Amino acid sequence: MGLDMYAYAATRAGQNEEYWEEFDAEKDSSPVAKPREIAYWRKHPNLHGWMEELWRSKNDLGGVDDPMFNGIELELTWDDLNQLEQDIKEGKLPSTSGFFFGDDSDDYYRAQDLQFVADAKAEVFLGLKVFYNSSW
């Protein structure tokens with residue numbers, strides 16, 4: 001077990017989940033288009049912490065009884081991606097820990113993170129939505 005993190009482009013929220021729920025392996029088809037994966041990370045806790053802080057700010061969360069940020073689809077806007085790019089370049093991803101999260105891996109993923117931001121911006125420019133999701 002561990003922290004698995006995904007970013008994908010889709011036309012609307014919920015499309016990724018709908019695709020996998022409606023996917024028929026025998027027919028190898030689905031009435032819902034498969035979202036395009038943009039990035040995958042394994043145990044990048046500080047990036048996950050950054051995403052959680054964004055999710056909490058967008059949903060006015062911060063209390064003890066708020067839900068855990070796990071398996072929650074988070075849409076990333078152009079402004080979000082600009083801020084993420086700046087925070088990566090300035091080394092400002094928040095220190096984040098968890099039982100399944102692993103150690104700080106900012107240096108290891110730095111180039112991939114910046115490539116993700118560029119790829120995600122291209123998807124948004126083309127009119128698609130970009131989402132982050134995780135599982136641990």
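Nothing in this text is a laboratory measurement; each read-out follows from the coordinates by a stated rule. Quick caveat: nothing in here was measured; it's all calculated off a predicted structure. Positions of Cβ are generated from backbone atoms using ideal geometry, with glycine treated the same way; all protein chains shown enter the neighbour counts.
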Does region 34-90 hold any residues that are among the aromatic types (F, W, Y) and farther than 18 Å from G14 by Cβ, and which are they? Y40, W41, W50, W78
Does region 108-121 hold any residues that are within 23 Å of E17 (Cα to Cα) and aliphatic (A, V, I, L, M), and which are they? V117, A120
Would a scan of region 119-134 turn up a residue that is surrounded by fewer than 19 Cβ atoms within 10 Å (Cβ to Cβ) and farther than 16 Å from A10 by Cβ? no
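If a residue counts only when it is in contact with a helix residue (DSSP H, G or I) (Cβ under 8 Å, 6 or more places away or on another chain) and of a type in the set (F, W, Y), which strands (runs of 3 or more DSSP E) contained entirely in region 36-136 have at least 2 such residues? Steps first, please.
Details: elements: 36-42, 74-76, 129-135.
So the answer is 129-135.
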With respect to K92, determine if the residue is without any contact (Cβ under 8 Å) to a residue 12 or more places away in the chain, of a type in the set (D, E, K, R) and at negative phi. yes
